[in-house]
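In what follows, a single structure is set out as structure tokens and then discussed.
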Amino acid sequence: MKKYKPTNAGIRGTVVVSYKKLLTTKKSVKSMTSGFKRAKGRNNTGRITSRFRGGGHKRKWREIDFLYNKLDIQGKIETVEYDPNRTAFISCVCYQDGERRYVVTPKDVSQGDTIITSENAPIKPGNRTKLSNIPGGTSVYHVEIQKGGGAKIARGAGISAEILGHDGKYTQLKMPSSELKKVQSSGFASIGQISNDGHKLRNLGKAGRSRWLGRRPKVRGSAMNAVDHPFGGGEGKASRGRKRQVTKWGKPSGKGQKTRKSKKYSNKTIIRRRKVGKKK
């Protein structure tokens, strides 16, 4: 992590990732990049569906391989690069057949190392194999929920899930959220942890850096007028006036309340719900 000297108010307290020590190049591979239009919180009719999003620096889209369908072909990591569209670093991998693809970089894997996707792959960071072949207690990322479905679980910076054990055709996982979940053992998963684990330690330091990332200012509901939000209005600092905390549209939000849909299709795969509320 990089800390700046407080020479002015804009960088006082700023803590960012030291990219110069971690990345190997600033240029992306042109054949695997393209331009794209960011939604900025709008739907197909232009209406705001996610508040407080918009603006931000112009970005290029990098095509990331989440399917990992290059089986039994060894690949060599050529670069470690920054991707503005995700929190983790990415790497250009050159496979033995000459094809190049972008993959999310795992922790403890650097330029020049080799990775492989195979049912008989050795258990080392970056390799990918079936969940049934991975021993309990191993950290994994980019876990498939169904065989051939691609990476769905554990995709953010510094994230990993832990294999607790195998039970029949299912594998029990401890998710990053502390939830216990079962997935099909025939699916593939990558060994190790995702790179850039210092991402959660960042302190942006100033409002301008949030605007570069496309984040607009958030306004508290209690600071609004009554016509604009359920918590708005009143003289001075008024309380919420609700027994439970809800969103602008009356849905439960935060404070340890359950927000998951009671009839969600994946409820049957959850062994134990995640811990919610204040940490004791």
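What follows draws every value from the coordinates through simple rules; no lab data is involved. In this text the structure is predicted, and so the values were computed from the model without any measurement. Neighbour counts run over all protein chains shown; Cβ positions are idealised from the backbone, glycine included.
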With the first residue restricted to segment 52-70 and required to be in contact (Cβ under 8 Å) with a residue 40 or more places away in the chain and more than 12 Å from residue 86 (Cα to Cα), and the second required to be surrounded by 14 or more Cβ atoms within 10 Å (Cβ to Cβ) and acidic (Asp, Glu), Cβ contacts under 9 Å at 6 or more apart or on different chains are 68/144
Residue 151 passes all but one of the listed conditions (1) in contact with a Gly (Cβ under 9 Å, 6 or more places away or on another chain); (2) part of a loop (DSSP other than H, G, I, E, B); (3) crowded, with 16+ Cβ neighbours inside 10 Å; (4) among the small types (Gly, Ala, Ser); the exception is number (1)
Scan segment 182-208 for residues that are within 18 Å of residue 119 (Cα to Cα), buried (at least 21 other Cβ atoms within 10 Å of the Cβ) and among the hydroxyl-bearing types (Ser, Thr, Tyr) and report the count. 1
Out of all the residues in segment 221-240, is one or more under 22 Å from the mean Cα position of the chain (by Cα), aromatic (Phe, Trp, Tyr) and outside any strand (DSSP E or B)? no
Checked segment 247-272 for anything outside any loop (DSSP other than H, G, I, E, B) and closer than 23 Å to residue 230 by Cβ; matches are 252
Return the pairs, sorted by first residue and then second, in which the second residue is surrounded by 10 or more Cβ atoms within 10 Å (Cβ to Cβ), the first residue lies in segment 1-22 and is among the basic types (Lys, Arg), the beta carbons are less than 6 Å apart, and the residues are 6+ apart or on different chains. 2/16; 2/18; 3/15; 12/6
Of (1) closer than 30 Å to residue 125 by Cα; (2) touching a residue at least 40 places away in the same chain (Cβ under 8 Å), residue 204 satisfies every one except (1)
If the Cβ limit is 8 Å and pairs must be 6+ apart or interchain, which residue in segment 26-39 that is in contact (Cβ under 8 Å) with a residue 40 or more places away in the chain pairs with which residue that is assigned to a strand (DSSP E or B) and among the aromatic types (Phe, Trp, Tyr)? 29/102; 32/102
Taking segment 79-97 as the region of interest, how many residues are part of a loop (DSSP other than H, G, I, E, B) and either under 23 Å from the mean Cα position of the chain (by Cα) or buried (at least 20 other Cβ atoms within 10 Å of the Cβ) (or both)? 10
Scanning segment 99-124 residue by residue, those of a type in the set (A, V, I, L, M, F, W, C) and part of a strand (DSSP E or B) turn out to be 103, 104, 115
Can you find, within segment 154-181, the residue that is surrounded by the fewest Cβ atoms within 10 Å (Cβ to Cβ) among those that are within 17 Å of residue 133 (Cβ to Cβ) and in contact with a helix residue (DSSP H, G or I) (Cβ under 9 Å, 6 or more places away or on another chain)? 169
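Listed here are the residues, each with its yes/no results for (1) farther than 25 Å from residue 248 by Cα; (2) assigned to a loop (DSSP other than H, G, I, E, B).
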{"residue": "7", "(1), (2)": "yes, yes"}
{"residue": "11", "(1), (2)": "yes, yes"}
{"residue": "20", "(1), (2)": "yes, no"}
{"residue": "40", "(1), (2)": "no, yes"}
Just checking, does segment 141-150 include any residue being closer than 15 Å to residue 194 by Cα, out of contact with any helix residue (DSSP H, G or I) (no Cβ under 8 Å at 6 or more places or on another chain) and charged (D, E, K, R)? no
Give the residues of segment 216-249 that are charged (D, E, K, R) and touching a helix residue (DSSP H, G or I) at 6+ places or on another chain (Cβ under 9 Å), sorted by residue number. 216, 228, 237, 240, 248
